[in-house]
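Presented below is the structure to which this report refers.
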Amino acid sequence: MTKTTFPEGFLWGGAIAANQAEGAYLEGGKGLTTVDLLPTGKKRWEIAQGNLESFQPEEGEFYPSHEAIDFYHRYKEDIALFAKMGFKALRLSISWARIFPNGDDATPNEAGLKFYDDVFDELLKYGIQPVVTIAHFDVPLSLVERYGSWRNRRLVNLFETYATTLFKRYKDKVKYWMTFNEINMLLHLPFVGAGLVFKEGEDKNQIKYQAAHHQLVASALAVKACHEMIPDAMIGCMLAAGQTYSYTCNPDDVFEAMNKDRENFFFIDVQSRGKYPGYALRFFEENQLDIQMEEGDLELLEEGTVDYIGFSYYASRTASTDPEVLKNVTGGNVFGSIENPYLEKSDWGWTIDPKGLRITANQLHDRYQKPLFIVENGLGAVDEVTPEGEINDDYRIDYLKKHVAAMGEAIKDGVEILGYTSWGPIDLVSAGTGEMKKRYGYIYVDRDNQGNGTLKRLEKKSFKWYKDVIASNGEQL
Ligand code: P53
């Protein structure tokens with residue numbers, strides 16, 4: 001492997017999310033969230049897309065977030081394992097409904113605030129920096145039922161109150177923040193990304209982009225507040241990234257690929273450059289979308305631009321305008337990419353493209369001229385435990401090795417990168433499918449898709465590999 005040079009203080013670590021790890025879904029005064037009503041199985045996809053309402057648990061359905069991997073009770077053990085690997089950072093999210101069980105309670109829930117205080121203290125004890133996502137896919141269900149979630153302007157100020165409550169409480173403990181996880185997921189999985197449920201005959205684009213405007217304003221308010229309340233902190237945005245390639249050199253395909261990327265860049269253009277890009281205004285006009293804005297919104301967007309660009313990268317995408325080519329869509333990917341004949345796929349149909357990470361990082365850096373933070377990357381795969389209790393996940397090591405090397409190349413290209421937190425350093429519930437079987441971890445968790453298992457933690461072969469990577473600051477891959 002080529003030698004790479006990572007800057008001193010590079011934030012090596014992992015990333016988890018409250019709804020996929022904590023469990024304890026009604027403990028400590030927590031309210032229900034959208035994800036708590038997302039079952040595994042057949043209905044999941046329709047619910048995630050906002051086409052089917054799910055506000056009440058149903059008999060016979062399994063809701064994996066309810067127990068998840070029980071991080072809520074086992075965080076000390078888990079953090080000790082992260083520390084053993086030498087983590088410099090742990091990205092985690094706060095569950096809004098632990099702090100405000102109904103989303104708009106007059107006062108925050110002390111038990112919820114205390115839980116994250118304890119988690120941060122545990123991390124800091126080992127010198128691990130918490131990197132906090134304020135909203136990672138779980139909207140308090142009460143806000144969805146009463147207000148229609150992010151379609152309603154009310155959410156903007158409720159989110160601001162939630163965010164400032166966090167800044168006030170954790171200002172001495174947390175110096176890296178992120179507003180919305182994969183903000184562009186709102187377009188692809190509207191219930192997961194923004195708690196949206198559509199009614200018959202509604203113009204989905206109108207609702208999605210109105211909700212997007214609300215999230216963008218809410219994000220800008222949070223950024224402003226963070227800058228005022230914690231001047232020595234950095235606060236970023238978070239994009240589900242992955243460059244879109246043109247299938248051919250036909251200009252129609254090239255333009256299509258650019259447009260596909262812009263669907264996603266749209267959010268970051270606003271969050272990082274502070275204004276709606278021209279191509280978005282044209283899209284609104286041509287689709288007769290009428291986005292309601294309040295006076296002062298556009299100024300706010302300009303004032304609340306982010307300090308860094310956080311992004312997830314799993315795969316690149318490919319676009320074409322040729323109906324024949326369009327038939328070859330790869331399975332399992334919310335981005336519905338067509339097959340790239342040059343690339344292999346994971347067991348879940350996600351293309352594997354390390355060079356795409358270098359390309360994506362360069363592209364984002366060229367576009368925004370701000371530091372990047374790779375806050376998710378990894379391989380979802382099936383792991384087997386041998387009778388000796390070993391997990392030989394060479395395929396995962398291979399994936400990560402190549403991606404870390406590609407990141408090193410991007411750094412050599414001149415891209416500033418703050419850190420790398422790979423997804424699911426400990427196995428957790430899949431956001432897409434709700435499965436446990438789709439594992440990303442260096443640490444194995446004994447639990448299956450139906451919720452059976454002891455929840456016991458085991459170190460995989462990749463555990464030692466990542467420990468060595470961190471200890472050598474990326475020199476030893
Ligand atoms: P899972 C789809 C495509 C790209 C990123 O995903 C995605 C998704 C959602 O499925 O989400 C991010 O668990 C997300 C994490 C999620 C991770 O990618 O479906 O921020 O919450 O777990 C991996 O394999």
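The values are calculated or read from the model by the stated rules, or taken from the named source; none is laboratory data. Small disclaimer: the values here were computed from a predicted structure and weren't measured. All Cβ positions, even for glycine, are placed from backbone atoms using ideal geometry, and neighbour counts span all protein chains on display. All accessible areas refer to the heavy atoms of the entire protein, side chains included, with ligands and DNA or RNA removed. Shrake-Rupley method; radii C 1.70, N 1.55, O 1.52, S 1.80 Å.
Details
- In this structure, Met238 qualifies as within 12 Å of Val306 (Cα to Cα), within 15 Å of the ligand (Cβ to nearest atom), touching a residue at least 60 places away in the same chain (Cβ under 8 Å) and in contact with a strand residue (DSSP E or B) (Cβ under 9 Å, 6 or more places away or on another chain).
- Taken as a whole, the condition of being without any contact (Cβ under 8 Å) to a residue 60 or more places away in the chain, more than 23 Å from Leu458 (Cβ to Cβ) and away from the ligand (no atom under 16 Å from the Cβ) applies to Gly414.
- Matching residues, the range 30-66, being among the small types (Gly, Ala, Ser) and either open to solvent by less than 30 Å² (accessible area, probe 1.4 Å) or in contact with a Gly (Cβ under 8 Å, 6 or more places away or on another chain) (or both): Gly31, Gly41, Ala48, Gly50, Ser54, Ser65
- Test for Arg396: is it over 26 Å from Ile183 (Cα atoms) and either away from the ligand (no atom under 16 Å from the Cβ) or touching a residue at least 24 places away in the same chain (Cβ under 8 Å) (or both): yes
- Number of residues in the range 334-376 that are within 21 Å of Gly441 (Cβ to Cβ) and within 16 Å of the ligand (Cβ to nearest atom) equals 12.
- Options Asn264, Asn250: the member that is open to solvent by 20 Å² or more (accessible area, probe 1.4 Å) and either of a type in the set (S, T, N, Q) or within 16 Å of the ligand (Cβ to nearest atom) (or both): Asn250
- Subset of the range 349-370 [over 18 Å from the mean Cα position of the chain (by Cα) and open to solvent by 20 Å² or more (accessible area, probe 1.4 Å)]: Ile352, Pro354, Lys355, Arg358, Ile359, Asn362, Gln363, His365, Asp366, Arg367, Gln369, Lys370
- Within the range 296-333, restricting attention to residues that are near the ligand (Cβ under 10 Å from one of its atoms) and modelled with pLDDT under 90, the residue that is nearest to Val415 (Cα to Cα) is Asn333.
- Of the numbered criteria (1) away from the ligand (no atom under 16 Å from the Cβ); (2) in contact with a strand residue (DSSP E or B) (Cβ under 6 Å, 6 or more places away or on another chain); (3) not hydroxyl-bearing (Ser, Thr, Tyr), the one Pro425 fails is (1).
- Residue satisfying condition, being open to solvent by 10 Å² or more (accessible area, probe 1.4 Å), of a type outside the set (Asp, Glu), farther than 17 Å from Glu46 by Cα and touching a helix residue (DSSP H, G or I) at 6+ places or on another chain (Cβ under 9 Å), within set Asn152, Asn184: Asn152
- Top-ranked residue of the range 377-393 - restricted to ones that are among the acidic types (Asp, Glu) and open to solvent by 20 Å² or more (accessible area, probe 1.4 Å), ranked as farthest from the ligand (Cβ to nearest atom): Glu388
- Any hit, the range 87-98, residues being open to solvent by 10 Å² or more (accessible area, probe 1.4 Å), within 16 Å of the ligand (Cβ to nearest atom), in contact with a helix residue (DSSP H, G or I) (Cβ under 9 Å, 6 or more places away or on another chain) and not in a helix (DSSP H, G or I): no
- Among the residues of the range 117-144, those that are of a type outside the set (Ser, Thr, Tyr), more than 14 Å from Leu37 (Cα to Cα) and open to solvent by 10 Å² or more (accessible area, probe 1.4 Å) comprise Asp117, Asp118, Asp121, Glu122, Leu124, Lys125, Gly127, Gln129, Ala135.
- The condition of being assigned to a loop (DSSP other than H, G, I, E, B), at pLDDT 95 or above and within 16 Å of the ligand (Cβ to nearest atom) holds for only one of Leu196, Leu187, that being Leu196.
- Within the set Ser54, Ser95, the sole residue that is within 25 Å of Leu124 (Cβ to Cβ) and in contact with a Lys or Arg (Cβ under 9 Å, 6 or more places away or on another chain) turns out to be Ser95.
- Screening Asp78 with (1) surrounded by fewer than 17 Cβ atoms within 10 Å (Cβ to Cβ); (2) assigned to a helix (DSSP H, G or I) gives one miss only, at (1).
- Residue match in the range 206-221 (condition: under 22 Å from Pro39 (Cα atoms), open to solvent by less than 20 Å² (accessible area, probe 1.4 Å) and of a type outside the set (A, V, I, L, M, F, W, C)): no
- Filter result (surrounded by 24 or more Cβ atoms within 10 Å (Cβ to Cβ) and not in a loop (DSSP other than H, G, I, E, B)) within the range 224-243: Cys226, Ile235, Gly236, Cys237, Met238, Leu239, Ala241
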